[in-house]
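Derivation of every value follows stated rules applied to the coordinates shown; laboratory data play no part. On a predicted model such as this, the values are computed, not experimentally measured, just so you know. As a convention, Cβ positions derive from the backbone with ideal geometry for all residues, glycine included, and neighbour counts pool all protein chains shown.
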Amino acid sequence: MTTRVDHLVTSGTFALDGGEWEVDNNVWIVGDDNEAIVIDAAHDAAAIEAALGGRTLRAIVCTHAHNDHIDAAPALAEATGAPILLHPHDLPLWLQTHPDRTPDGPLTDGQELVVARTTLRVLHTPGHAPGAVCLYAPELATVFTGDTLFQGGPGATGRSFSSFPTIIDSIRDRLLTLPGDTKVRTGHGDPTTIGAEAPQLDEWIKRGH
């Protein structure tokens, strides 16, 4: 049975450091007709559950713990029985949104998640958040980057828990080393490829300073 990537866009509010912004989030569902994982349960647990179409949900993977990427995670976990996985460095951010409900398990650098006979390797890519991770699926020629890398540049680093030099190091060392034809599926907006983004690294560094 073929592994596929399903895409859902949900809308809601991103809140941090006293500000609020209306945002559209990409929710990625990786699996086959029988089982799947969800990457970033954003805003609307019912819509995500409907998109699963009755498949067994093996895990809810959080690329980081900004509220717009995790706000629907507990409700989706309750509805499906799936565990919520988060890098421990993002627990302080998680607790800002869900103070009474901790994740069910950790994500660690190099960890491999297998769904529908497809392996997704966890890459710890701090910068946008301390526990930010990307998920690289070589068999799908895809990396799910959350808010670490977008079409046209790195994720924002102007708020609490973020660091521009750190995100540049993460992108240079962990992402731009992937094959150029790797599709970059982002936390917001349109996809891109590693090959399209790599030549822009020096320009991002200049802009960031």
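Residue-wise test of (1) within 25 Å of E49 (Cβ to Cβ); (2) within 14 Å of the chain's Cα centre (by Cα).
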residue	(1), (2)
I84	yes, yes
P88	no, no
Q96	yes, no
D100	yes, no
L107	yes, yes
G110	no, no
P126	no, yes
T145	yes, yes
T177	no, no
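Return the total of residues in the range 49-67 being closer than 21 Å to V143 by Cα and in contact with a helix residue (DSSP H, G or I) (Cβ under 9 Å, 6 or more places away or on another chain).
Final tally of qualifying residues: 8.
Of everything in the range 104-132, what is in contact (Cβ under 8 Å) with a residue 24 or more places away in the chain, of a type in the set (V, I, T) and assigned to a loop (DSSP other than H, G, I, E, B)? Give them in sequence order.
T125
Filter the range 182-209 down to the residues that are more than 21 Å from V30 (Cα to Cα) and surrounded by 13 or more Cβ atoms within 10 Å (Cβ to Cβ) and list them by number.
G195, A196, E197, A198, Q200, L201, W204, I205, G208
If R207 satisfies all but one of (1) under 25 Å from I70 (Cβ atoms); (2) charged (D, E, K, R); (3) free of Cβ contacts under 8 Å to residues at least 60 places away in the same chain, what's the number of the condition it fails?
For R207, the failing item is (1).
Can you tell me which residue is nearest to L123 (Cα to Cα) among those in the range 147-156 that are part of a loop (DSSP other than H, G, I, E, B) and either hydroxyl-bearing (S, T, Y) or within 16 Å of the chain's Cα centre (by Cα) (or both)?
Restricting to residues being part of a loop (DSSP other than H, G, I, E, B) and either hydroxyl-bearing (S, T, Y) or within 16 Å of the chain's Cα centre (by Cα) (or both), the top hit is T148.
With the requirement that a residue be surrounded by fewer than 20 Cβ atoms within 10 Å (Cβ to Cβ) and either among the hydrophobic types (A, V, I, L, M, F, W, C) or closer than 18 Å to A137 by Cβ (or both), what does the range 162-181 give you?
F164, I168, L176, T177, P179, G180, D181
Quick one: in the range 180-204, of everything that is free of Cβ contacts under 8 Å to residues at least 40 places away in the same chain and either polar (S, T, N, Q) or assigned to a loop (DSSP other than H, G, I, E, B) (or both), which residue is farthest from F14 (Cα to Cα)?
Here the answer is G180.
Sort out which residues of the range 140-159 are small (G, A, S), under 9 Å from H128 (Cα atoms) and surrounded by 20 or more Cβ atoms within 10 Å (Cβ to Cβ), and write them in order of number.
G155, the sole residue that qualifies.
Among R159, R174, which is basic (K, R), in contact with a strand residue (DSSP E or B) (Cβ under 9 Å, 6 or more places away or on another chain) and within 16 Å of V122 (Cα to Cα)?
Only one candidate passes the filter, namely R174.
Against the conditions (1) within 30 Å of G19 (Cα to Cα); (2) within 16 Å of the chain's Cα centre (by Cα), where does S160 fall short? Just the number, please.
(2)
Please find, within the range 81-105, the residue that is nearest to I60 (Cα to Cα) out of those that are among the acidic types (D, E) and surrounded by fewer than 19 Cβ atoms within 10 Å (Cβ to Cβ).
So the residue we want is D104.
In the range 45-71, which residue that is under 18 Å from the mean Cα position of the chain (by Cα) and assigned to a loop (DSSP other than H, G, I, E, B) is surrounded by the most Cβ atoms within 10 Å (Cβ to Cβ)?
That would be H66.
Would you call A75 in contact with a strand residue (DSSP E or B) (Cβ under 9 Å, 6 or more places away or on another chain) and either over 19 Å from E112 (Cβ atoms) or not in a strand (DSSP E or B) (or both)?
In short, no.
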